[in-house]
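The values are calculated or read from the model by the stated rules, or taken from the named source; none is laboratory data. For clarity, every value in this text was computed on a predicted model and none was experimentally measured. Here Cβ is always computed from backbone atoms with ideal geometry, including for glycine, and neighbour counts include all displayed protein chains.
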Amino acid sequence: MSEYQLQNPPTDGITTVHFSPNNQSQFLLASSWDASVRLYDVNQHTFRQMYKHTGPVLDCCFIDSSRTASGGLDRLLKVFDFNTQQEIIMGYHDNAIRCVHYSPEMNILITGSWDSSIKFWDSRVPNCLGTCSLPDKVYTLDSAGELLVVGTAQRKVSIWDLRKISTNTPIENRESNLKYQTRCIRCFPNKQGYVLSSIEGRVAVEFFDANPEIQKKKYAFKCHRAKEGAIENIYPVNAIAFHKQYGTFATGGSDAFVNMWDGANKKRLCQFHQYPAGITSLAFSPEGNMLAIASSYNYEYGSDPQLAPNDITKNNIFMVDETLFDYLHMSIVEYYVHENENDVDSAALCLSQIGYRVGYSLSERLSKENPRYRDELDTVKYLCKELWICLFKKQVDNLRTNHQGVYVIHDGRFRLLQQTLVTMNKPIDATNRLHTLYIAYSTGLLRGILTNMGYPCRVTAEIADFGVKFQIDMTLTSG
């Protein structure tokens with residue numbers, strides 16, 4: 001997994017980073033206590049341009065590929081178009097704007113403020129669509145389809161229906177299961193719940209459905225802690241970000257570490273190296289091939305930098321690049337191989353199902369701008385060329401078909417198999433049933449891609465050295 005640092009970072013603490021929703025995640029937005037909102041080209045590793053507020057900017061977001069919104073201590077909500085350089089003051093709150101969020105499903109801007117209110121805006125014109133009162137200051141919010149989750153002071157959580165904002169009433173009020181102040185809330189990609197973090201090194205996994213059987217699934221766990229002898233140092237968990245395809249999530253803490261979690265299996269997948277300062281924000285690219293990490297002094301050691309370790313007051317944005325897709329794959333496979341050595345069939349089924357969900361979602365995103373292909377063969381050719389390059393950085397080595405719905409794809413150096421086995425330091429053994437787990441995910445991935453494109457199929461695979469032969473049978477609609 002490679003990593004690089006963006007140049008020309010903000011000159012004060014970084015509050016938020018966000019990827020652009022399209023353009024192959026070319027652009028990254030960053031807001032800061034230096035009153036700036038900066039745009040970076042992550043493909044070229046360069047700073048592009050910025051605009052300013054009159055006070056520190058606490059949050060920002062993309063509306064589309066060129067327009068952004070931001071707010072902070074100056075109480076103003078700004079929309080800025082980087083293409084036209086046009087700036088619009090949409091309106092204001094009576095106190096600092098802590099959260100700025102765009103809901104693409106509902107096509108509205110949402111702001112949360114320390115004035116104990118949330119406001120809803122038409123992103124095209126300066127028009128406040130409505131204001132809802134809350135019991136206390138807004139610290140964090142996120143949306144999942146038509147649902148909005150807001151975390152406020154005093155550990156309160158309210159859930160709103162964005163279709164019914166005129167009622168000024170949440171559909172549910174909750175209290176955080178964590179004992180200390182809420183720091184961050186992010187919703188599941190499948191819209192079934194949310195993850196909440198606190199200042200006391202804990203994370204809670206919650207579900208929307210009030211059914212008692214569903215509520216039994218919720219849990220909380222400790223993280224971002226470090227023992228020094230008999231003393232345990234506990235750090236705030238400042239940031240959460242979900243990988244849209246895998247459903248795994250990352251947390252960043254004031255301990256300057258980033259952890260990756262498999263929430264469904266209550267498992268930490270990995271921990272990145274320690275960064276120069278605490279993690280203040282995290283963002284996955286829409287395709288899931290990059291992770292932006294904002295490392296910035298968040299006054300964990302008070303206002304006197306002399307109390308802080310060397311370099312902790314520097315503000316940095318680190319980019320973990322496209323190999324993140326491979327790294328998450330390796331972590332998931334390694335977990336299932338370790339946990340299910342005595343039940344290979346069950347593990348293979350689980351990995352295949354995970355791969356199917358990822359493939360189905362990836363196909364939706366990657367083929368969004370391409371027309372549906374005329375026939376079955378054209379679709380498979382698209383899979384073997386454009387999609388294979390996008391996912392595995394090469395075309396397949398060979399494609400054969402009997403012209404009766406059966407296709408054989410050969411990749412002599414299959415990227416996911418190669419990296420998994422090298423990293424896990426295991427020799428290849430095509431006769432070892434355990435090694436079938438290393439490609440179970442990939443067969444599900446291909447099946448999900450093709451099913452989303454209108455071709456339900458069965459996918460099987462054979463391995464030899466680092467190569468794989470995938471057989472796709474379009475004549476069968478199950479498997």
query: What is the residue count in segment 4-24 for residues that are β-branched (V, I, T) and surrounded by fewer than 21 Cβ atoms within 10 Å (Cβ to Cβ)?
result: 1
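Determine, yes or no, whether L109 is touching a helix residue (DSSP H, G or I) at 6+ places or on another chain (Cβ under 9 Å), buried (at least 16 other Cβ atoms within 10 Å of the Cβ) and closer than 24 Å to S281 by Cβ. Show your work before the answer.
On the way: touching a helix residue (DSSP H, G or I) at 6+ places or on another chain (Cβ under 9 Å): no; buried (at least 16 other Cβ atoms within 10 Å of the Cβ): yes; closer than 24 Å to S281 by Cβ: yes.
So L109 does not fit the description; no.
Got a sec? Which strands (runs of 3 or more DSSP E) wholly within segment 177-270 have at least 1 residues that are within 15 Å of the chain's Cα centre (by Cα) and either closer than 29 Å to E287 by Cβ or not assigned by TED's automatic domain parsing to the domain that holds E105 (or both)? Spell out the reasoning first.
Details: elements: 182-187, 193-198, 202-207, 219-222, 225-228, 231-234, 237-242, 249-253, 258-262.
The strands (runs of 3 or more DSSP E) meeting that bar are 182-187, 193-198, 237-242, 249-253, 258-262.
Looking at the structure I just gave you, is I165 surrounded by 16 or more Cβ atoms within 10 Å (Cβ to Cβ), assigned to a strand (DSSP E or B), in the same structural domain as S117 (by TED's automatic domain parsing) and not polar (S, T, N, Q)? Give the steps one after another, and end with the answer.
On the way: surrounded by 16 or more Cβ atoms within 10 Å (Cβ to Cβ): yes; assigned to a strand (DSSP E or B): no; in the same structural domain as S117 (by TED's automatic domain parsing): yes; not polar (S, T, N, Q): yes.
Spelling it out, it is not the case that I165 is surrounded by 16 or more Cβ atoms within 10 Å (Cβ to Cβ), assigned to a strand (DSSP E or B), in the same structural domain as S117 (by TED's automatic domain parsing) and not polar (S, T, N, Q).
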message: Can you tell me how many residues within segment 23-49 are in contact with a Phe, Trp or Tyr (Cβ under 9 Å, 6 or more places away or on another chain) and touching a residue at least 24 places away in the same chain (Cβ under 8 Å)?
response: 16
message: Residues to consider are F27, F47; find the one that is more than 17 Å from N298 (Cβ to Cβ), within 20 Å of the chain's Cα centre (by Cα) and surrounded by 14 or more Cβ atoms within 10 Å (Cβ to Cβ).
response: F27
query: Somewhere in segment 132-142, is a residue assigned to a strand (DSSP E or B), over 20 Å from A96 (Cβ atoms) and in the same structural domain as R98 (by TED's automatic domain parsing)?
result: no
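Would you kindly identify the helices (runs of 4 or more DSSP H) lying entirely within segment 358-476 that contain at least 3 residues that are at pLDDT 80 or above and not basic (K, R)? Write out each step before concluding.
Working: elements: 376-382, 388-392, 415-424, 437-452.
Answer list for segment 358-476: 376-382, 437-452.
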- prompt: Can you name every residue in segment 51-66 that is crowded, with 19+ Cβ neighbours inside 10 Å and either not assigned by TED's automatic domain parsing to the domain that holds T11 or not β-branched (V, I, T) (or both)?
  reply: H53, L58, D59, C60, C61, F62
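Of the residues F242, F249, which is closer than 26 Å to K191 by Cβ, in contact with a Pro (Cβ under 7 Å, 6 or more places away or on another chain) and at pLDDT 95 or above?
Values: F249 fails: in contact with a Pro (Cβ under 7 Å, 6 or more places away or on another chain).
Sole residue among the options that is closer than 26 Å to K191 by Cβ, in contact with a Pro (Cβ under 7 Å, 6 or more places away or on another chain) and at pLDDT 95 or above: F242.
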query: Restricting the search to segment 120-141, which residues are touching a Leu at 6+ places or on another chain (Cβ under 8 Å) and either surrounded by fewer than 23 Cβ atoms within 10 Å (Cβ to Cβ) or modelled with pLDDT under 95 (or both)?
result: F120, W121, D122, S123
